[in-house]
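**Student:** What follows is a single structure, and I will ask about it in a moment.
Derivation of every value follows stated rules applied to the coordinates shown; laboratory data play no part. Nothing here was measured: the structure is a model prediction, and the numbers come from that model. Every residue, glycine as well, gets a Cβ built from its backbone with ideal geometry; the counts of neighbours run over all protein chains shown.
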Amino acid sequence: MTTVAFRRVLTGADDAAEDAATADLLRRVNAERRVFLSSTRIAGRYVGRISVLNHRTDRARVDEALDAIRRHTAPG
């Protein structure tokens, strides 16, 4: 599998709020310029994507992307 789609899910939020939260997450992660997350719409909902296409991409780079997502979604 080379592409994984994801979105922010917020308790009590509607689709528009989750779309905005997902877009904001992508902006913040991409602003760090360590990894690049793309986006698309699935069934009308905005989703982020991690896409691994380069054969040289290693586990450490994928972990870095996941760590950035966790960091920017952590409460606080």
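**Student:** Of the GluC sites (Glu not before Pro) in the chain, which ones lie in a loop per DSSP and count no more than 13 other C-beta atoms within 10 Å?
**Tutor:** Filter output for the chain: 32.
**Student:** Can you give the charge dipole size of the chain about its Cα centre, rounded to the nearest 20 debye, using +1 on the beta carbon of Lys and Arg and -1 on the beta carbon of Asp and Glu?
**Tutor:** 260 debye
**Student:** Using a basic spin-label model with each label point 7 Å from the Cα along Cα→Cβ, how many nm lie between residue 5 and residue 41?
**Tutor:** Rounded to a tenth, the inter-label distance reads 1.2 nm.
**Student:** Same structure again: As a check on your grasp of the helix formula, calculate [θ] at 222 nm for the chain: sum -39500 (n - 2.57) over DSSP H runs of n ≥ 4, divide by the residue count, round to the nearest 500.
**Tutor:** Result for the chain, helices only: -14000 deg cm²/dmol.
**Student:** Further question: Rounded to two decimals, what ratio of Rg to Rh does region 18-68 give with C-alpha atoms and a Kirkwood Rh?
**Tutor:** Dividing the radius of gyration by the Kirkwood radius yields 0.99.
**Student:** Quick check: net charge around residue 74, other residues with Cβ under 13 Å of its Cβ, Lys/Arg +1 and Asp/Glu -1?
**Tutor:** Result for the local shell: +3.
**Student:** Can I ask one more? Among 54, 21, 44, whose Cα lies farthest out toward the positive end of the dipole of the chain, if unit charges sit on the beta carbon of Lys, Arg (+1) and Asp, Glu (-1)?
**Tutor:** Of 54, 21, 44, it is 54.
**Student:** Longest segment of the chain with no trypsin sites (Lys or Arg not before Pro) in a DSSP loop having at most 13 other Cβ atoms within 10 Å?
**Tutor:** For trypsin sites (Lys or Arg not before Pro) (loop position, at most 13 other Cβ atoms within 10 Å), the longest site-free span of the chain is 1-32.
**Student:** Among residues other than residue 45 whose Cβ falls under 12 Å from its Cβ, what is the net charge (Lys/Arg +1, Asp/Glu -1)?
**Tutor:** Taking every Cβ under 12 Å from that of residue 45, the sum is -1.
**Student:** On to the next question. Return the long-range amide H neighbours of residue 38 (sequence gap of 5 or more, or a different chain), with a cut-off of under 5 Å between placed amide H atoms.
**Tutor:** 49, 51
**Student:** May I ask for the net charge around residue 30, where only other residues with Cβ less than 14 Å from the Cβ of residue 30 are counted and Lys, Arg are +1 while Asp, Glu are -1?
**Tutor:** +3
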